[in-house]
């Protein structure tokens, strides 16, 4: 089983590792399509998978002055400093600013794998009047990671399965210390404009330009010899860059037609992406003893093997009407997409060039209905379809077909009046076509596996048991399988197999206690358990990770409770995997196993004023 608590640090590590290996952990992330008891701002029907997307919201300027600095240290030599400053520039509050930044240097549980990170995000909002605002947003991220940016895949023998020699240490680095490296420079600039004409009409335009450059060079495993010790390896390099432009124009109207209250939203968006991927040739390098590695010392970067350039356009028109009548809320949405792409693949040795053009179009929509009872009970039901062009190519240089899908969901939310209790439950049936999964023949790449289906149930409870004690608990049970196989797929049929990275069960619970009176006032304690259920890591279901249970804990102290002069100063110590349980998170191939995070303790000192 696995917790539903979102660990952003782990998520970032997973995403980074996935990107480096060109084999992202494809998870069917779900979202509530019909939001809830309280009204929310209507959002356009985005072009994304039916399970939803991870909504990372940029920090925006605040009309209330904000000052915060943080210092953090902890496991693996971590040293981090961060700040977040915001507030009005002029006395009338017509110009607001925000400046967020972070600098970090840290080691990891893997030898020779380190990371230096710098992040800065300035933004400014202009509000000439109460009905108009323009926010300019920008962001820059730089990562330099000796060791390749993420752990390399380890053999199944000695990690997932017992090795007659011993267990492979979690610190084991199987690359080359003087060769493996990952560098990333990522930036964007854009704006969000909004103008309210009257009580009915509001228009918005959001625009952004992004640029990403990444350079990866790594030494990775080929296979483990019969002696269970000698690991053969190869070196490769994968520099890539991408420019992305997108703009979204929308108009919103709020009006009444008899007893019906409408929030009508319609608009048009456009996206252009130009990307280049350089795949080096593979070069065999000296083998190492997995239990006592002696590194080669000098590895040269292999020459260019294949260069892939891809340009794609996507245009969408959408409309949504959220209709409220009495206690009913009905949401109707529709979206039409047109997408085209040109993919050029050039082989460096022969100079051969292949070009593939794609043109796709699809109509998608969703419908949802909810009802709010007087006692805080809100059942809902929804149906949604999706269309999502997929960038990139497989290991043969063929571009990916768009991913399509549909989702049916029904659920209930309960928030009794006068209580601090929220209970939610949902059942869902989600189907996707052309699902991306790791290619078992070369897990640096993806392949499209056909059609997959996930059915499940989700339960969550949030409650304040007393004025000082809070509880969050959640459970998800999922059944997944491939229902169709693409015609061009090779090998034994995977129809009926489980999807990679979809645990059968997930569960978590967290208790938090705050001392509010007495000599210990300001002290907070928290503890929780996460259970990660069994899951497979490959389409053939050859590698299954076992159930693991992890414990987390936290302690914090707000100095301002007892010492007014220190108001705004607090300190927290967080421990993840408190009992340092060694576990394997996933295995995607015979030499593609990854350990989970060992015990990690972080201490953070914060000052807000």
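Any residue that is buried (at least 18 other Cβ atoms within 10 Å of the Cβ) and within 30 Å of residue 176 (Cβ to Cβ) - is there at least one of those in the range 257-267?
no
Against the definition (over 30 Å from residue 302 (Cα atoms), surrounded by 16 or more Cβ atoms within 10 Å (Cβ to Cβ) and touching a strand residue (DSSP E or B) at 6+ places or on another chain (Cβ under 7 Å)), how does residue 202 come out, yes or no?
Numbers: over 30 Å from residue 302 (Cα atoms): yes; surrounded by 16 or more Cβ atoms within 10 Å (Cβ to Cβ): yes; touching a strand residue (DSSP E or B) at 6+ places or on another chain (Cβ under 7 Å): yes.
When the stated conditions are applied, residue 202 passes them.
Any residue that is closer than 30 Å to residue 159 by Cβ, part of a loop (DSSP other than H, G, I, E, B) and touching a strand residue (DSSP E or B) at 6+ places or on another chain (Cβ under 7 Å) - is there at least one of those in the range 510-533?
Yes.
So, in the range 568-582, how many residues would count as being touching a residue at least 40 places away in the same chain (Cβ under 8 Å), in a loop (DSSP other than H, G, I, E, B) and on the phi < 0 side of the Ramachandran plot?
1
What about residue 150, is it surrounded by 17 or more Cβ atoms within 10 Å (Cβ to Cβ), at pLDDT below 95 and either in contact with a helix residue (DSSP H, G or I) (Cβ under 8 Å, 6 or more places away or on another chain) or farther than 18 Å from residue 594 by Cα (or both)? Outline the logic, then answer.
Numbers: surrounded by 17 or more Cβ atoms within 10 Å (Cβ to Cβ): yes; at pLDDT below 95: yes; either in contact with a helix residue (DSSP H, G or I) (Cβ under 8 Å, 6 or more places away or on another chain) or farther than 18 Å from residue 594 by Cα (or both): yes.
When the stated conditions are applied, residue 150 passes them.
Run residue 73 past the list (1) at pLDDT below 50; (2) surrounded by fewer than 16 Cβ atoms within 10 Å (Cβ to Cβ); (3) closer than 24 Å to residue 572 by Cβ and report the number of the one that doesn't hold.
(1)
Using the structure shown, decide if residue 100 is at pLDDT 95 or above, buried (at least 17 other Cβ atoms within 10 Å of the Cβ) and touching a helix residue (DSSP H, G or I) at 6+ places or on another chain (Cβ under 9 Å).
Numbers: at pLDDT 95 or above: yes; buried (at least 17 other Cβ atoms within 10 Å of the Cβ): yes; touching a helix residue (DSSP H, G or I) at 6+ places or on another chain (Cβ under 9 Å): no.
Against the criterion (at pLDDT 95 or above, buried (at least 17 other Cβ atoms within 10 Å of the Cβ) and touching a helix residue (DSSP H, G or I) at 6+ places or on another chain (Cβ under 9 Å)), residue 100 does not qualify.
What is the residue count in the range 114-137 for residues that are surrounded by 18 or more Cβ atoms within 10 Å (Cβ to Cβ) and not in a strand (DSSP E or B)?
Qualifying residue count for the region: 0.
Output the number of the condition that residue 535 fails; it satisfies all remaining conditions of (1) under 19 Å from residue 454 (Cβ atoms); (2) surrounded by fewer than 17 Cβ atoms within 10 Å (Cβ to Cβ).
Evaluating residue 535 over (1) under 19 Å from residue 454 (Cβ atoms); (2) surrounded by fewer than 17 Cβ atoms within 10 Å (Cβ to Cβ) leaves (2) as the failure.
In the range 228-241, what residues are in contact (Cβ under 8 Å) with a residue 60 or more places away in the chain and in a strand (DSSP E or B)?
Step one: of the range 228-241, the residues in contact (Cβ under 8 Å) with a residue 60 or more places away in the chain are 228-231, 235-238.
If the condition is that a residue be in contact (Cβ under 8 Å) with a residue 60 or more places away in the chain and in a strand (DSSP E or B), then 230, 231, 235, 236, 237, 238 are the ones that fit.
Quickly run through the range 74-113 and pick out the residues that are within 23 Å of the chain's Cα centre (by Cα) and part of a loop (DSSP other than H, G, I, E, B).
Of everything in the range 74-113, those that are within 23 Å of the chain's Cα centre (by Cα) and part of a loop (DSSP other than H, G, I, E, B) turn out to be 108, 109, 110, 113.
Please determine whether any residue of the range 491-504 is part of a strand (DSSP E or B), more than 22 Å from residue 426 (Cα to Cα) and in contact with a strand residue (DSSP E or B) (Cβ under 8 Å, 6 or more places away or on another chain). Before the answer, list the steps.
Filtering the range 491-504 down to residues part of a strand (DSSP E or B) leaves 500.
Those still in the list that are more than 22 Å from residue 426 (Cα to Cα) too: 500.
Cutting the leftovers down to in contact with a strand residue (DSSP E or B) (Cβ under 8 Å, 6 or more places away or on another chain) gives us 500.
Checking the range 491-504: at least one residue is part of a strand (DSSP E or B), more than 22 Å from residue 426 (Cα to Cα) and in contact with a strand residue (DSSP E or B) (Cβ under 8 Å, 6 or more places away or on another chain).
(1) in contact (Cβ under 8 Å) with a residue 40 or more places away in the chain; (2) loosely packed, with under 15 Cβ neighbours inside 10 Å; (3) closer than 30 Å to residue 453 by Cα: which one isn't true of residue 503, the others all being true?
With (1) in contact (Cβ under 8 Å) with a residue 40 or more places away in the chain; (2) loosely packed, with under 15 Cβ neighbours inside 10 Å; (3) closer than 30 Å to residue 453 by Cα applied to residue 503, the lone miss is (2).
Let me spell it out: the conditions are (1) free of Cβ contacts under 8 Å to residues at least 40 places away in the same chain; (2) in a strand (DSSP E or B), and residue 141 meets all of them except one. Which number is the exception?
With (1) free of Cβ contacts under 8 Å to residues at least 40 places away in the same chain; (2) in a strand (DSSP E or B) applied to residue 141, the lone miss is (1).
Please give the number of the condition residue 64 fails out of (1) surrounded by fewer than 17 Cβ atoms within 10 Å (Cβ to Cβ); (2) in contact (Cβ under 8 Å) with a residue 24 or more places away in the chain; (3) not in a strand (DSSP E or B).
Single failed check for residue 64: (2).
Residue 496 - would you say it is surrounded by 14 or more Cβ atoms within 10 Å (Cβ to Cβ) and either closer than 30 Å to residue 460 by Cα or touching a helix residue (DSSP H, G or I) at 6+ places or on another chain (Cβ under 8 Å) (or both)? Even if it seems obvious, please write down each step before you answer.
On the way: surrounded by 14 or more Cβ atoms within 10 Å (Cβ to Cβ): no; either closer than 30 Å to residue 460 by Cα or touching a helix residue (DSSP H, G or I) at 6+ places or on another chain (Cβ under 8 Å) (or both): yes.
Spelling it out, it is not the case that residue 496 is surrounded by 14 or more Cβ atoms within 10 Å (Cβ to Cβ) and either closer than 30 Å to residue 460 by Cα or touching a helix residue (DSSP H, G or I) at 6+ places or on another chain (Cβ under 8 Å) (or both).
From 309, 345, which residue is without any contact (Cβ under 8 Å) to a residue 60 or more places away in the chain, surrounded by 15 or more Cβ atoms within 10 Å (Cβ to Cβ), in a strand (DSSP E or B) and within 26 Å of the chain's Cα centre (by Cα)? Before the answer, list the steps.
Numbers: 345 fails: within 26 Å of the chain's Cα centre (by Cα).
Only one candidate passes the filter, namely 309.
Could we say that residue 331 is within 30 Å of residue 176 (Cβ to Cβ), in a strand (DSSP E or B) and either at pLDDT 95 or above or under 32 Å from the mean Cα position of the chain (by Cα) (or both) here? Walk me through how you get there before you give the answer.
Values: within 30 Å of residue 176 (Cβ to Cβ): no; in a strand (DSSP E or B): yes; either at pLDDT 95 or above or under 32 Å from the mean Cα position of the chain (by Cα) (or both): yes.
No; evaluated as a whole, the condition is false for this residue.
Find all pairs meeting these conditions: Cβ atoms under 6 angstrom apart; at least six residues apart or on different chains; first residue within the range 152-169 and on the phi > 0 side of the Ramachandran plot and in contact (Cβ under 8 Å) with a residue 12 or more places away in the chain; second residue surrounded by 14 or more Cβ atoms within 10 Å (Cβ to Cβ) and in a loop (DSSP other than H, G, I, E, B).
158/168
Looking at residue 368, is it at pLDDT 90 or above and at positive phi? Break it down stepwise before answering.
Values: at pLDDT 90 or above: yes; at positive phi: no.
For residue 368, the condition - at pLDDT 90 or above and at positive phi - is not met.
Go through the range 247-288 and give me each residue that's without any contact (Cβ under 8 Å) to a residue 40 or more places away in the chain, under 30 Å from residue 321 (Cβ atoms) and part of a strand (DSSP E or B). First the steps, then the outcome.
Going through the range 247-288, the residues without any contact (Cβ under 8 Å) to a residue 40 or more places away in the chain turn out to be 256-258, 274, 276.
Then drop every residue that is not under 30 Å from residue 321 (Cβ atoms), which leaves 256-258.
Correct list: 256, 257.
The values are calculated or read from the model by the stated rules, or taken from the named source; none is laboratory data. If you're wondering where the values come from, they're calculated on a predicted model, not measured in any experiment. Cβ sites come from the backbone with ideal geometry, for glycine too, and all protein chains shown count toward neighbours.
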